[in-house]
Amino acid sequence: AVAGSMLGGGAENWHGSRDYEAIDIGKKDVVTANKMMGLNANPTDADIQTAISQGTVFVSGNYSQTHGGGIMSNGILILGQAKDITLSPGLEIEVYKAFKDANGNTLALQPGQFQFLLQDENHNTLATVSNNAFGMVLAEQDYTQAGTYTYYLKEQPGSNPLITYDSTEYQITVTVGTDTKTLKLSENQSMTITYYVVTDIQVALSIGTGTVLTATSNVGSNNHRATVVIKKDGETAFTNTMREKPLYFRIQKLNGHTNEPMQFVEFTLKDENGNVVTSGKTDKEGHLSLQIEKDKKYVLYETTYQDFMPAGPWILKVDADGNATIFDKTEDRNGILHEVGAGTDCVKKEYNTAVYYDDTIINIIAGVELPETGGIGTEWMKVMGTILILCMAFLAFRKEMHRSR
């Protein structure tokens, strides 16, 4: 969250971007971001001097390209009484996930597609993590005491019957020691920092076969997390195999007024029970591919894009033979969605590594109505037709009255 005002009542005059969109933050505004901000402040010289005149604590020279605002990312700030403290640089376990077809061809991964469990020595789950779009899986741990810790890392099998899930399990043994540093704060004051530091990392297979390869960094460091990257047989740590070609519902999102692709439009695919199956945003060509399965029914939701009218949701049905149909929906009094009409068959395109079902979804700018399909607009024709019918009725009435005289 970023506020537009500064100490002394001046304006920061922030300018930059928030969640992929340009933004200016006014003096009285408080703006939040879901994912990221990139901002530059442009206060006036007078406002800077006013803030300095009222300031009692100054932090300068800090910056960061990766950790947000940067304040205190490069050092320690002590306010008030100094006490001895403990810090844990901690541990990062990094592995990579591969997804291949029956012929060994690499398939595209979607963020969160596969789940992994980090467990303690008794196989109690400490964390559930998932892969990103590049196949990276990252698990982290912090420490509050020295000692030896044993972890197990494995994949949690999913429910897709067409996928063979990797059953490999890794045993990771981590040794944690202590390091201390004394800081002299003044002539009469000092403080001690105790670091719980990872001093050794060992990795072996507890389930599975192959040769484990590891790369470690920052072991013994009290300034950075220790990192271990795990591979097996020189490849990724986990590999899943698709026994049949995966199916993807591929959207192309277009601006209904310019026919141009729309980027960053978010779609979410849910199952019949309302659980999120997958989601994503369109690319610069307006495309987004969401993985689906045979003999399933989904509901597709679109997050309303700025200045455009709401669209959807839609019902997507995939039959046992792998044919996909998309329906407009209607909602009954119980809030249950039902498909309307016969639906539209998605265009099926089969490639070497996957099958895609294509559909185009058009957005309409709020407050503007597009002409109906096949014409230059029908509303004026309806109005003119109504007027013509009324005129003919009026003339017929007058003629009848004239006869009656």
(request) Kindly list the number of the only condition in (1) modelled with pLDDT under 85; (2) buried (at least 16 other Cβ atoms within 10 Å of the Cβ) that fails for TYR298. (result) (1)
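In the stretch 22-65, how many residues are among the hydroxyl-bearing types (Ser, Thr, Tyr), surrounded by 10 or more Cβ atoms within 10 Å (Cβ to Cβ) and either at pLDDT 85 or above or closer than 15 Å to GLY8 by Cα (or both)? Explain how you work it out, then say what you get.
Filtering the stretch 22-65 down to residues among the hydroxyl-bearing types (Ser, Thr, Tyr) leaves 32, 44, 50, 53, 56, 60, 63-64.
From what is left, the residues that are surrounded by 10 or more Cβ atoms within 10 Å (Cβ to Cβ) are 44, 50, 63-64.
Those still in the list that are either at pLDDT 85 or above or closer than 15 Å to GLY8 by Cα (or both) too: 44, 50.
Total satisfying the criteria: 2.
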(request) Have a look at GLY10, GLY16 and point out the one that is at pLDDT 90 or above, within 23 Å of GLY55 (Cα to Cα) and surrounded by 11 or more Cβ atoms within 10 Å (Cβ to Cβ). (result) GLY10
(message) Which residue is surrounded by the fewest Cβ atoms within 10 Å (Cβ to Cβ), if the candidates are limited to the stretch 155-185 and must be among the β-branched types (Val, Ile, Thr) and in contact (Cβ under 8 Å) with a residue 40 or more places away in the chain?
(response) THR164
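Residues are listed down the side, and each one gets a yes or a no for (1) modelled with pLDDT of 90 or more; (2) open to solvent by less than 60 Å² (accessible area, probe 1.4 Å); (3) within 21 Å of GLN110 (Cα to Cα); (4) not in a strand (DSSP E or B):
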{"position": "GLY274", "(1), (2), (3), (4)": "no, yes, yes, yes"}
{"position": "SER289", "(1), (2), (3), (4)": "yes, yes, yes, no"}
{"position": "PRO310", "(1), (2), (3), (4)": "no, no, no, yes"}
{"position": "THR330", "(1), (2), (3), (4)": "no, no, no, no"}
{"position": "ARG333", "(1), (2), (3), (4)": "no, no, no, yes"}
{"position": "THR344", "(1), (2), (3), (4)": "no, no, no, no"}
{"position": "TYR357", "(1), (2), (3), (4)": "yes, yes, yes, no"}
{"position": "GLY367", "(1), (2), (3), (4)": "no, no, no, yes"}
{"position": "GLY375", "(1), (2), (3), (4)": "no, yes, no, yes"}
(request) Please go through the stretch 230-265 and pick out each residue that is open to solvent by 60 Å² or more (accessible area, probe 1.4 Å), outside any strand (DSSP E or B) and out of contact with any Asp or Glu (no Cβ under 7 Å at 6 or more places or on another chain). (result) ASP233, ARG243, GLU244, HIS257, THR258, ASN259, GLU260, PHE264
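Before we move on, is VAL198 open to solvent by less than 30 Å² (accessible area, probe 1.4 Å), out of contact with any helix residue (DSSP H, G or I) (no Cβ under 6 Å at 6 or more places or on another chain), of a type outside the set (Ser, Thr, Tyr) and closer than 26 Å to ILE85 by Cα?
Numbers: open to solvent by less than 30 Å² (accessible area, probe 1.4 Å): yes; out of contact with any helix residue (DSSP H, G or I) (no Cβ under 6 Å at 6 or more places or on another chain): yes; of a type outside the set (Ser, Thr, Tyr): yes; closer than 26 Å to ILE85 by Cα: yes.
Yes; evaluated as a whole, the condition is true for this residue.
The values are calculated or read from the model by the stated rules, or taken from the named source; none is laboratory data. Small disclaimer: the values here were computed from a predicted structure and weren't measured. Every residue, glycine among them, receives a Cβ derived from its backbone with ideal geometry; neighbour counts consider all protein chains shown. Keep in mind that these areas ignore ligands, DNA and RNA; they rest on the heavy atoms of the full protein, side chains included. Shrake-Rupley method; radii C 1.70, N 1.55, O 1.52, S 1.80 Å.
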